[in-house]
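The block underneath contains the structure these notes are about, expressed in structure tokens.
The values are calculated or read from the model by the stated rules, or taken from the named source; none is laboratory data. As the structure is a prediction and not an experimental result, all values here were calculated from the model. Heads up, the Cβs are rebuilt from the backbone with ideal geometry, glycines too, and the neighbour counts pull from every protein chain shown. These area figures cover heavy atoms from the full protein model, side chains too; ligands, DNA and RNA do not enter into them. Shrake-Rupley method; radii C 1.70, N 1.55, O 1.52, S 1.80 Å.
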Amino acid sequence: MIGLIAATSAGRSAAVELAGALGGCTLYQEDTVAASVARAWAECEQLVCFLATGATVRLIAPLLADKHGDPGVVCVDEARHFAVSLVGGHDGGANRLAERVAEALDAQPVLTTATDAVGLPGLDTLGLHVEGELAAVSRALLDGAPVRLVSDAVHPLPALPPNLTPDAPSEAPVVVISDRIDEAAGPATVTLRPRSLIVGVGASRGAPAEEVLGLVEAALADAGLSRHSVSYLATVDAKADEPGLLAAAAALGVDLVAHPAEALAAVAVPNPSPAPQAAVGTPSVAEAAALLGGGELLVPKRKSAPEGRAAMATVAVVRKSPRGRLALVGLGPGARDLLTPRAREELRRASVIVGLDQYVDQIRDLLRPGTRIEATGLGAEEERARSAVRLAEQGHAVALIGSGDAGVYAMASPALAEAGPDIDVVGVPGVTAALAASSLLGAPLGHDHVSISLSDLHTPWEVIERRVRAAAEADLVVTFYNPRSRGRDWQLPKALSLLAEHRRPDTPVGVAHAISRADEWHTVTTLAELDVTTVDMTTVVVVGNTASRTVAGRMVTPRGYRWQS
Ligand code: SAH
């Protein structure tokens with residue numbers, strides 16, 4: 001919950017407005033502002049104070065404990081010019097909150113944490129457990145000093161600063177990304193723990209939590225592995241509620257994941273045994289549960305060794321390779337304000353951008369320093385898609401970019417035709433040309449509509465023609481993509497003549513060129529009067545249905561429930 005504190009009527013009205021925009025907010029109105037702050041501090045994850053920073057500092061000073069647990073605090077000035085992230089920038093989420101508040105109140109976010117200010121991801125914002133000398137190493141990174149990267153795998157992280165490299169000199173500070181506890185350290189070292197380990201566990205009924213936890217910890221320690229790299233504990237369905245397993249998982253701060261016995265029985269393991277087969281229906285629990293999704297068995301089945309009685313727990317540890325991440329990001333028709341905030345975030349989440357050079361140029365300034373760019377020229381679609389998938393398979397965080405929506409006559413299909421289940425795929429919708437055109441032209445898509453690409457480079461013309469005829473007969477509004485180029489000039493007139501067989505000559509036709517770019521223009525004309533020579537490859541042509549009308553120069557297709565023909 002976000003606690004709001006205001007002392008003036010302007011502050012209170014800004015608070016009410018903010019609560020409406022963000023949701024999940026409570027306005028605290030105790031007898032004094034100090035009491036409101038104290039109560040909000042105790043009850044909320046984040047605070048927005050419509051107070052001067054000085055007043056806020058004095059009020060929260062006695063409450064501050066540590067930066068990992070304290071609420072994030074944002075201050076907004078009386079005139080709503082600024083949303084200042086005051087404390088808890090990273091862990092408390094105050095930097096993110098300041099940006100959201102600024103957007104809601106049309107203010108300027110003010111972030112002073114060094115890493116955010118210069119566009120580098122803070123080492124403590126990567127979602128990995130952090131150990132070591134964070135402040136010293138972050139300072140070196142910000143100063144642009146060489147910092148050595150020691151990583152045992154490719155991880156799907158955002159772009160790391162260019163001065164963080166494997167070949168920095170040996171006396172440089174070090175960032176280690178590893179699940180191993182003995183990785184080489186430098187004079188100042190930060191270690192980031194990827195969640196790379198799956199710990200399979202088996203237990204007899206009533207196995208004590210200490211026995212399970214002790215076994216897991218001993219297995220990890222003996223193999224030189226960090227407990228902070230454990231992703232989850234895995235077991236068999238029948239043990240999903242076993243208190244000792246649940247308690248061990250809770251102590252490690254992870255989930256207990258249970259799999260059906262049949263699934264475990266199908267996993268090939270080095271140490272099967274008849275006992276679990278009889279008890280729960282699979283010859284292996286610990287090894288099979290750990291190995292279920294593949295990976296490398298680092299610790300084969302091992303039993304607990306309690307004094308004076310039989311072992312009640314087994315464990316096995318598997319390392320999974322990091323799953324790469326492929327984001328399919330539509331950039332919209334061109335203008336920066338038609339790029340969605342989510343697309344912008346994905347561009348900064350990626351360490352590799354794959355796309356046509358003209359699209360890369362469109363968003364280059366948004367990328368984090370150190371982002372690798374794989375730009376290619378026109379025509380290399382398949383190759384581009386393959387290379388994006390290959391990079392994700394290697395473990396990178398990749399953004400494959402395209403104009404409009406990445407799934408509409410674009411790269412998402414060739415990429416996903418290549419992609420297997422071993423990578424994470426994230427689609428980010430973009431404003432496709434048909435929608436951008438529709439808003440310019442009026443409301444042409446108010447009833448059933450279809451998009452047809454007139455490019456016969458990859459689709460035989462007969463197929464295109466059949467679809468145009470069908471759309472004509474079905475009285476659908478049609479948006480033509482790829483309508484006309486220098487080498488393909490007869491297809492558009494042909495398609496329009498097919499539509500004209502079923503529509504009046506005065507059917508409205510909208511033409512939208514270079515939407516949201518410097519040379520944008522659009523016009524609403526008719527089937528009879530359209531001058532096709534004005535149409536090129538950066539144009540879409542929208543042809544109305546038999547009910548479409550031109551009203552005050554705008555194209556309108558009635559929604560149909562009060563049909564007038
Ligand atoms: N993925 C894109 C479409 C790619 S096909 C999208 O969703 O918009 C390329 C065709 O899209 C162009 O030939 C043109 O018809 C249309 N197009 C793309 N951007 C455009 C823009 N800014 N203005 C007008 N048409 C555009």
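Could you work out the local net charge near His513, counting Lys and Arg as +1, Asp and Glu as -1, over the other residues with Cβ closer than 15 Å to its Cβ?
-2
Projecting each Cα onto the charge dipole of the chain (Lys/Arg +1, Asp/Glu -1 at the beta carbon, about the Cα centre), which of Ala552, Ile373, Met537 comes out farthest on the positive side?
Positive-most Cα among the choices belongs to Ala552.
Using only the alpha-carbon atoms, how far is helix 33-43 inclined from the longest principal axis of the chain? Give it as 0 to 90 degrees, nearest 10.
Once rounded, the angle reads 80 degrees.
Work out the length of the dipole vector of segment 325-431 about its Cα centre, built from +1 on the beta-carbon of each Lys and Arg and -1 on the beta-carbon of each Asp and Glu, and round it to the nearest 20 debye.
Using only the charged Cβ atoms, the result is roughly 360 debye.
From the helices alone, meaning DSSP H stretches of at least four residues, give me the mean residue ellipticity at 222 nm for the chain, per-run term -39500 (n - 2.57), in deg cm²/dmol to the nearest 500.
Rounded to the nearest 500, it is -8500 deg cm²/dmol.
Counting only protein heavy atoms and a 1.4 Å probe, tell me what percentage of the chain's accessible area is made up of carbon and sulfur.
C and S fraction of accessible area: 52 percent.
I need to check one value: relative contact order of the chain, counting alpha carbon pairs closer than 8 Å and at least 6 residues apart, in percent.
Taking the mean separation of contacting Cα pairs over the length of the chain, I get 8 percent.
I'd like the FRET efficiency for Ala21 and Ala79, computed as 1/(1 + (r/R0)^6) with the beta carbon distance as r and R0 of 25 Å, rounded to 0.05.
0.90
Please name which of Ser229, Leu123, Ser438 has its Cα lying farthest along the dipole of the chain towards the positive end, using unit charges on Cβ (Lys, Arg +1; Asp, Glu -1) and the Cα centre as origin.
The one lying farthest along the dipole's positive direction is Ser438.
Eight or more residues apart or on different chains, and alpha-carbon atoms under 29 Å: count the Lys pairs in the chain matching that.
Qualifying lysine pairs in the chain: 5.
Can you give the FRET efficiency for Asp143 and Asn271, using 1/(1 + (r/R0)^6), R0 = 41 Å, r = Cβ-Cβ distance, to the nearest 0.05?
0.20
With every protein chain kept in place and ligands, DNA and RNA left out, what is the accessible area per residue of segment 197-319? Probe 1.4 Å, answer in Å².
Computed with neighbouring chains in place, this is 43 Å² per residue.
If each residue of separation counts as 0.36 nm, what is the full-extension length gain between Glu217 and Leu378 once their alpha-carbon separation is subtracted?
Fully extending the segment from Glu217 to Leu378 adds 52.5 nm.
Let me know the longest stretch in the chain that avoids all chymotrypsin sites (Phe, Trp or Tyr not before Pro) found in a DSSP loop with at most 12 other C-beta atoms within 10 Å.
Longest site-free region, per DSSP loop and neighbour criteria: 1-489.
Can you tell me the orientation of helix 94-105 relative to the chain, as the angle in degrees between its alpha-carbon axis and the longest Cα principal axis, to the nearest 10?
On a 0 to 90 degree scale, this one is about 30.
Ranked highest first by average number of other Cβ atoms within 10 Å, how do 208-214, 287-293 line up?
Listed from highest to lowest mean packing, they are 287-293, 208-214.
If I take every Cα pair under 8 Å that is 6 or more residues apart in segment 1-75, average their sequence separation and divide by the length, what percent do I get for the relative contact order?
RCO, segment 1-75: 37 percent.
If I model a spin label as a point 7 Å beyond the Cα along the Cα-Cβ vector, how far apart are those points for Asp255 and Leu64 in nm?
If labels sit at Asp255 and Leu64, their model points lie 3.7 nm apart.
So how do 363-375, 58-70 stack up, highest first, on mean other-Cβ count within 10 Å?
363-375, 58-70
Might you report the magnitude of the Cβ-based charge dipole of segment 81-182 about its Cα centre, with Lys and Arg at +1 and Asp and Glu at -1, to the nearest 20 debye?
Once rounded to the nearest 20, the dipole reads 160 debye.
Quick one: net charge around Ala55, please, counting Lys, Arg +1 and Asp, Glu -1 for every other residue with C-beta under 14 Å from its C-beta.
-1
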